[in-house]
Amino acid sequence: MVLARIRAAEIRAGREPGSVTLIAVSKTFPATAVAEAHRAGLRHFGESYAQEALSKRAEFDAPDIVWHFIGPIQSNKTRPIAAHFDWVHGIDRLRIASRLSEQRPVEMPPLNACIQVNISGEASKSGVSLADLPTLAAEIVGLARLRLRGLMAIPAPGLDDDEQRRAFRKVRDALLSLRESGLDGLDTLSMGMSDDLEAAVGEGATMVRIGTAIFGSRAR
Ligand SMILES: *Cc1c(COP(=O)(O)O)cnc(C)c1O
């Protein structure tokens with residue numbers, strides 16, 4: 001169902017079918033829901049709370065799962081995140097990025113990281129402004145145990161399709177200008193949720209983070 005929506009959006013945008021990675025956002029849902037989605041073939045899962053994710057994974061985990069931390073990152077939570085996730089999507093401060101880099105265990109590959117950009121102004125406290133993005137990106141690229149992959153964004157709720165597309169286009173343009181400025185290897189646009197995945201895929205999303213449309217609505 002969600003995969004069909006993604007395929008249709010890829011085709012409409014003239015993009016290769018399968019080029020968008022689906023991250024199943026399992027926050028608030030039990031380990032049994034992750035197990036079921038894994039049985040159905042999903043391999044990327046997103047969680048927003050470190051403690052919840054770790055207790056869930058004590059009940060169900062699999063070596064072929066790629067775990068994404070998509071929530072806000074508090075500095076007292078960086079250690080478990082650095083040790084137990086493959087990706088982090090919500091970096092918006094150098095201090096957090098430095099801690100994650102320092103705390104990434106040496107036996108693990110560098111932690112894949114996306115910088116969260118604020119494209120909704122006052123409506124959101126998370127995310128770096130587009131003005132401050134180039135400096136932050138250049139600093140993060142210098143961290144040894146992080147691998148900067150791209151940008152993540154969450155548009156303000158309640159936008160119509162055109163407004164969603166304009167918001168996502170800003171993120172895509174920001175990624176392109178980082179690349180033009182010489183930051184190579186940025187290949188990821190993490191954008192699109194249950195209500196706006198079509199607009200996001202239309203504007204170049206490479207990863208969509210979908211909760212409700214897979215698992216149903218959340219109690220919190
Ligand atoms: C919860 C969450 C999602 C999933 O949102 P849905 O609307 O349920 O698809 C995606 N991204 C982030 C950062 C989230 O916190």
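The values are calculated or read from the model by the stated rules, or taken from the named source; none is laboratory data. The shown structure was predicted, so the numbers you read here are calculated from the model rather than taken from an experiment. All Cβ positions, even for glycine, are placed from backbone atoms using ideal geometry, and neighbour counts span all protein chains on display. Just so you know, the surface numbers come from the protein's heavy atoms only, side chains and all, with ligands and any DNA or RNA stripped out. Shrake-Rupley method; radii C 1.70, N 1.55, O 1.52, S 1.80 Å.
In table form, for the structure just shown:
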read-out	value
Candidates ASP162, ASP132, filtered to the one that is open to solvent by 70 Å² or more (accessible area, probe 1.4 Å), farther than 23 Å from ASP184 by Cβ and of a type outside the set (Gly, Ala, Ser)	ASP162
Count - residues of the range 112-123 that are surrounded by 15 or more Cβ atoms within 10 Å (Cβ to Cβ) and either out of contact with any Phe, Trp or Tyr (no Cβ under 9 Å at 6 or more places or on another chain) or modelled with pLDDT of 95 or more (or both)	8
Extreme residue, nearest to ALA153 (Cα to Cα), among residues of the range 185-206 that are part of a strand (DSSP E or B) and more than 10 Å from the ligand (Cβ to nearest atom)	LEU189
Residue pairs meeting the criteria (Cβ under 8 Å; at least 6 apart or on separate chains; first farther than 17 Å from HIS44 by Cα, in the range 206-220; second more than 8 Å from the ligand (Cβ to nearest atom))	ARG218/THR28; ARG218/PHE29; ALA219/THR28; ARG220/THR28
Selection count, the range 3-21, where residues are on the phi < 0 side of the Ramachandran plot and open to solvent by 20 Å² or more (accessible area, probe 1.4 Å)	13
Those residues of the range 190-202 which are in contact with a Gly (Cβ under 9 Å, 6 or more places away or on another chain) and open to solvent by less than 10 Å² (accessible area, probe 1.4 Å), in sequence order	SER190, MET191, ALA199, ALA200, VAL201
Test: residue in the range 50-63 that is on the phi > 0 side of the Ramachandran plot and surrounded by fewer than 22 Cβ atoms within 10 Å (Cβ to Cβ)	no
Failed criterion for ALA31 (all others in (1) open to solvent by 40 Å² or more (accessible area, probe 1.4 Å); (2) in contact with a Lys or Arg (Cβ under 9 Å, 6 or more places away or on another chain) hold)	(1)
Residues within the range 135-159 that are open to solvent by 10 Å² or more (accessible area, probe 1.4 Å), within 16 Å of the ligand (Cβ to nearest atom) and farther than 19 Å from ILE81 by Cβ, tallied	5
Residue in the range 96-106 that is over 27 Å from GLY204 (Cβ atoms), open to solvent by less than 50 Å² (accessible area, probe 1.4 Å) and within 16 Å of the ligand (Cβ to nearest atom) present	no
Selection status of ASP184, at pLDDT below 95 and open to solvent by 70 Å² or more (accessible area, probe 1.4 Å)	yes
Output for the range 22-52, where each listed residue is of a type in the set (Ser, Thr, Tyr) and touching a strand residue (DSSP E or B) at 6+ places or on another chain (Cβ under 7 Å)	SER26
